[in-house]
Amino acid sequence: MPFSDAQEATEIKEIGGSPAQEEYMKNIINEFSLTTEHLCKIRTRFMKEMDKGLEKEGCTVAMIPSYVEGRLTGHERGQFLALDLGGTNLRVVLVTLEGEGKFKTVSTKARVSDALKNGPMRNLCDYIAECIDTFLTEQGLEDKESELPLGYTFSFPVLQTKINRGTLSQWTKGFACTGAIGKDPVMLLQDALLRKHLPVKVSALVNDTVGTLLSNAYNKPNTLAGLILGTGANGAYIEKISNIKKWKDGPTKSPEMIINMEFGAFDNERQALPLTRFDNKLDRESINPHSQIFEKMISGMYLGEIVRNVLVDMIDRELLFSPKGTFNPNVWSKEISTMWAFETSFMSKIEEDDTENLSQTKEVLDTSLNLSNVSVVECRIVKKVSELVGKRAARLAATAIAGIVSHCGIPDEGVDIGIDGSLFEFYPSFKTRMYEALQELFPEHSDIRTKIRLGLAKDGSGVGAALTACVATKAEGTKVV
Ligand code: BGC
């Protein structure tokens, strides 16, 4: 639950700061806290935006049909490659589907440098092809006679026109390669694979949320949605074709299709989200201002930067790290003034610090941000700011789930939601805070955890992409088992 006034006053007192620090904390607690009423209002708007996106093209929440129809049976078998691009790392995975909901994976990871993220798309595709080449050699698959089907998890807004065709509409999460927007990422990758004569065919293009949903559904048949809460944020869910009013591609085999919502763009119009000046500053300074507003409030790429913006504001007001009249150039830190220098992983470490004198927080500030001689009161302030930003993110993410579930309805047996991403997996209390918000949003259910089951779908998108490649290959009539 959000703070009551009395709780809030006690929490502020416990920080033990000066009256000016107390006053500041009181204000930001108000700015960052989301009441149940806020959450309900946001859910209502979220549901309206879902409807709009299902009705016509070009809406803020794009609601992109994935061309993945129906659910999987869990009996699928075969060997598939999956490629995951869009988070911090590039991953190549060899997935062996064994049927009965079981699978095995072997994978390799490579970092995508800033130069590749911002250079020509051709360079990025050549780099990916090189990684695949090395992986195939390691796995003894380089001379395979028939082509290996590859499921390409490309985690950016792509308007799909087929299971393995689409056009990139914009970059997100710090990527800005030239020569890619308006083009088909599958063709660009397939060309790079051909340049290297690799026996690989890109047979499916999948958003990571769609992949996560599919892999979760492989052994949890009541799966309704897949979410990524990591570097970026987004969700996919199973929709009735009859509700997708904009669908113009004729009859489908199944009455359902997975929708890639691209909910990171929710409320770019700023009608429901209570944005603070710290969010506005981040948005203005980002490489994609005015877009992905919701994502910027809930995903790992941005949370640390929001915290940094608050801390810098306090420094400027002489409320932190060198209070009035005590400026000491020896303790000055360039890092705290550098954009993106405060990583979301620092917030995790700070939030999990339960030592009495907050020694872990002190350590993070010292070693990662070059802030020495930080007092316990200052550590408590940093911890509280991290908590406010982290909690707001979890509550907003829960509201998106509430929107999806309210749109679809909760069946008696409840629904499973598969979630992947570093925030959900590692950030302390993220899941608990999500459940708290869900309980507030669904007071009619006495224990929401039994009705909306949030589960970690670790590395699900790779397996999901392989499953999609399997479905696509089957549809083409190729024998895959
Ligand atoms: C992208 C989505 C993706 C999400 C999670 C967002 O920035 O637009 O396509 O699913 O990040 O990776």
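The values are calculated or read from the model by the stated rules, or taken from the named source; none is laboratory data. It should be emphasised that the depicted structure is a prediction, and the values quoted were computed from it without experimental measurement. As a convention, Cβ positions derive from the backbone with ideal geometry for all residues, glycine included, and neighbour counts pool all protein chains shown. Surface accessibility is based on the protein's heavy atoms, side chains included, excluding ligands, DNA and RNA. Shrake-Rupley method; radii C 1.70, N 1.55, O 1.52, S 1.80 Å.
In degrees between 0 and 90, to the nearest 10, how far off the longest principal axis of the chain does helix 359-369 point, with axes built from Cα atoms? Taking the Cα atoms of the chain, the angle to 359-369 is about 70 degrees. Restricting the calculation to alpha carbons of region 46-106 gives Rg and Dmax of 16.8, 42 angstrom.
Evaluating kT/(6 pi eta Rh) at 37 °C and 0.692 mPa s, with the Kirkwood radius of region 193-307 over Cα pairs in the Stokes-Einstein relation, gives 196 µm² s⁻¹.
Over all alpha-carbon pairs of region 1-148, lay out the pair-distance distribution in 5 Å bins, whole %, shortest bin first. Percent of pairs per bin, in order: 2, 7, 9, 9, 8, 10, 10, 12, 10, 9, 7, 5, 2, 1, 0. The distance separating the Cα centre of region 26-76 from that of region 338-376 comes to 33 Å.
Scaling the Cα radius of gyration of region 1-76 by the globular reference 2.2 N^0.38 Å produces a ratio of 1.91. According to the Cα-based calculation, Rg over Rh for region 298-406 is 1.03, with Rh computed by the Kirkwood formula.
Its alpha carbons give region 100-238 an Rg and a Dmax of 15.7, 43 Å. For region 422-464, the equivalent ellipsoid derived from the alpha-carbon gyration tensor has semi-axes of 23, 13, 6 Å in decreasing order. Taken per residue, the accessible surface of region 368-481 reaches 34 Å², heavy atoms only and a 1.4 Å probe. Take the Cα radius of gyration of region 355-420 and divide it by 2.2 N^0.38 Å, with N its residue count; two decimals is plenty. In units of the 2.2 N^0.38 Å rule of thumb, it is 1.75. As I understand it, the value is the acute angle between the Cα axis of helix 300-316 and the longest principal axis of the Cα atoms of the chain; what does it come to in degrees, rounded to 10? Tilt of helix 300-316: around 20 degrees. Estimated from helical segments only, the mean residue ellipticity of the chain at 222 nm is -14000 deg cm²/dmol, where each DSSP H run of four or more residues counts as -39500 (n - 2.57).
Seen against the Cα atoms of the chain and their longest principal axis, helix 430-441 is set at about 90 degrees.
Comparing T73, A115, G101 along the charge dipole axis of region 48-185, the residue lying farthest to the positive side is A115, per the Cβ-charge model. When Rg and the Kirkwood radius Rh are both evaluated on Cα atoms of region 250-363, their ratio Rg/Rh stands at 1.15. In the chain, the DSSP beta bridges split such that about 60 percent are antiparallel, to the nearest 5. What FRET efficiency comes out for K162 versus R449 if R0 is 51 angstrom and r is the Cβ-Cβ distance? Round to the nearest 0.05. Here the calculated transfer efficiency is 0.85. Each 10 Å bin from 0 upward holds the following percent of the Cα-Cα pairs of the chain: 4, 20, 29, 24, 15, 7, 1, 0.
For the listed peptides 371-380, 110-119, a ranking on the average number of other beta carbons within 10 Å per residue, highest first, reads 371-380, 110-119. Scattering from region 394-481 was approximated by placing one identical point on each alpha carbon and applying the Debye formula without solvent; log10 I(q)/I(0) at 0.11, 0.13 1/Å stands at -0.41, -0.54. Computed packing ranks the peptides 37-44, 418-425, 240-247 as 418-425, 37-44, 240-247, most packed first, by mean other Cβ atoms within 10 Å.
Averaged over its residues, region 1-73 has an accessible area of 52 Å² per residue, based on protein heavy atoms and a 1.4 Å probe.
Rounded to the nearest 0.05, the FRET efficiency derived from the C-beta distance between A110 and T73 at R0 = 35 Å is 0.60. Remark on region 239-313: Rg and Dmax equal 17.5, 56 Å (Cα only).
Overall size of region 1-43 from C-alpha positions, given as principal axis extents largest first: 38, 16, 11 Å. The fraction of accessible area contributed by carbon and sulfur in the chain is 51 percent, rounded to a whole number (1.4 Å probe; ligands and nucleic acids excluded).
Ranked by the mean number of other Cβ atoms within 10 Å of their residues, highest first, the peptides 192-198, 229-235, 168-174 fall in the order 229-235, 168-174, 192-198.
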